[in-house]
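Report on the following structure.
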Amino acid sequence: MASNFPTSLDAFTNPSSTDSMDSVSVPHATQHADLNDAVEALQAKVGADGSAVTSSHDYKIAQLEGASSGLALITSSSFSGSSAVSVDNCFTSSHTAYQIVFLATGSANGNLYMRFRN
């Protein structure tokens, strides 16, 4: 049987201790062939280290790891003694995720309110 993985999971018949090597219901050679097919399908899906196959997990994980360290500064702003500050043109359709870092220091107690507009 050719492996159905990764579109669906394979269903294997496990031999019992009483099955002979030439069993009709669980042929020994078929067991090896089925397992070999399944392992090859798994290896193709996982990928070898440094895989260039875009559907392999190794490739996809490498892309994610590279993306997580590739933050891009879109804009920054500094202000002092202000009651209202606007930072414009920082949200665009060019990005699907944003990380907002806000560092605040002050000498007076008070509330800080933030509003995000698009």
For region 1-30, pairs from a residue that is closer than 29 Å to Ser55 by Cα and at pLDDT 90 or above to a residue that is of a type in the set (Lys, Arg) and open to solvent by 80 Å² or more (accessible area, probe 1.4 Å), with Cβ under 8 Å and 6 or more apart or across chains, are none
Does region 50-60 contain any residue that is among the acidic types (Asp, Glu) and either modelled with pLDDT under 90 or not in a loop (DSSP other than H, G, I, E, B) (or both)?
yes
When every residue in region 56-104 that is aromatic (Phe, Trp, Tyr) and open to solvent by 80 Å² or more (accessible area, probe 1.4 Å) is compared, the one farthest from Val46 (Cα to Cα) is Phe79
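The values are calculated or read from the model by the stated rules, or taken from the named source; none is laboratory data. The structure displayed is predicted, hence computed values, not measured ones. Note: ideal-geometry Cβ built from the backbone for every residue, glycine included; neighbour counts use all protein chains shown. When the accessible area is computed, the model is the full protein with side chains, heavy atoms only, and any ligands, DNA or RNA have been set aside. Shrake-Rupley method; radii C 1.70, N 1.55, O 1.52, S 1.80 Å.
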